[in-house]
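Here is the structure we will look at.
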Amino acid sequence: MGTETRVAVISMIITKEDSVELLNNLMHQYSGYVIGRMGIPYRQRGINIISVVIDAPMDVINTLTGALGRLDGVSAKAAYAPV
């Protein structure tokens, strides 16, 4: 039997535009797990909001969320679908 996967949404708020290239590079590394991505620039506040839906093993979701959250100016949290 294969590794169990979960569906999750990783929500990010980006306050430093310098981190966007690093964020995109990181997302590319995990692109095989990505179901969809939505980005919204909020120009009045000078921030960007990104939501990424993934289907991946828990350790992959946690690793990706942690790596994104460690980028300067990026806040990242994951919400999981029920099993």
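For the stretch 55-82, taking the residues that are over 16 Å from ASN25 (Cα atoms) and in contact (Cβ under 8 Å) with a residue 60 or more places away in the chain, the one that is surrounded by the most Cβ atoms within 10 Å (Cβ to Cβ) is identified as ALA78. Can you find a residue in the stretch 61-83 that is at pLDDT below 95 and either out of contact with any strand residue (DSSP E or B) (no Cβ under 8 Å at 6 or more places or on another chain) or in a strand (DSSP E or B) (or both)? Within the stretch 61-83, one or more residues are at pLDDT below 95 and either out of contact with any strand residue (DSSP E or B) (no Cβ under 8 Å at 6 or more places or on another chain) or in a strand (DSSP E or B) (or both). Taken over the stretch 1-21, the criterion of being assigned to a helix (DSSP H, G or I) and surrounded by 15 or more Cβ atoms within 10 Å (Cβ to Cβ) is satisfied by SER19, VAL20.
Being assigned to a helix (DSSP H, G or I) and exposed (fewer than 13 other Cβ atoms within 10 Å of the Cβ) is the filter; apply it to the stretch 25-54 and report the residue that is farthest from the chain's Cα centre (by Cα).
Start the filter on the stretch 25-54 by keeping residues that are assigned to a helix (DSSP H, G or I), which leaves 25-29, 31-33.
Right, trim to exposed (fewer than 13 other Cβ atoms within 10 Å of the Cβ) and you get 25, 28-29, 31-32.
Details: ASN25: 12, HIS28: 11, GLN29: 12, SER31: 11, GLY32: 13 Å.
Ranking the candidates gives GLY32 first.
Pairing residues of the stretch 1-14 that are modelled with pLDDT of 95 or more and acidic (Asp, Glu) with residues that are in a strand (DSSP E or B) and surrounded by 15 or more Cβ atoms within 10 Å (Cβ to Cβ), at Cβ distances under 8 Å and at least 6 apart in sequence or on separate chains, gives no pairs at all.
The values are calculated or read from the model by the stated rules, or taken from the named source; none is laboratory data. Worth saying up front: this structure is predicted, and the values here are computed from it rather than measured. Methodologically, a virtual Cβ is constructed for each residue, glycine included, from the backbone with ideal geometry; neighbour enumeration extends over all protein chains shown.
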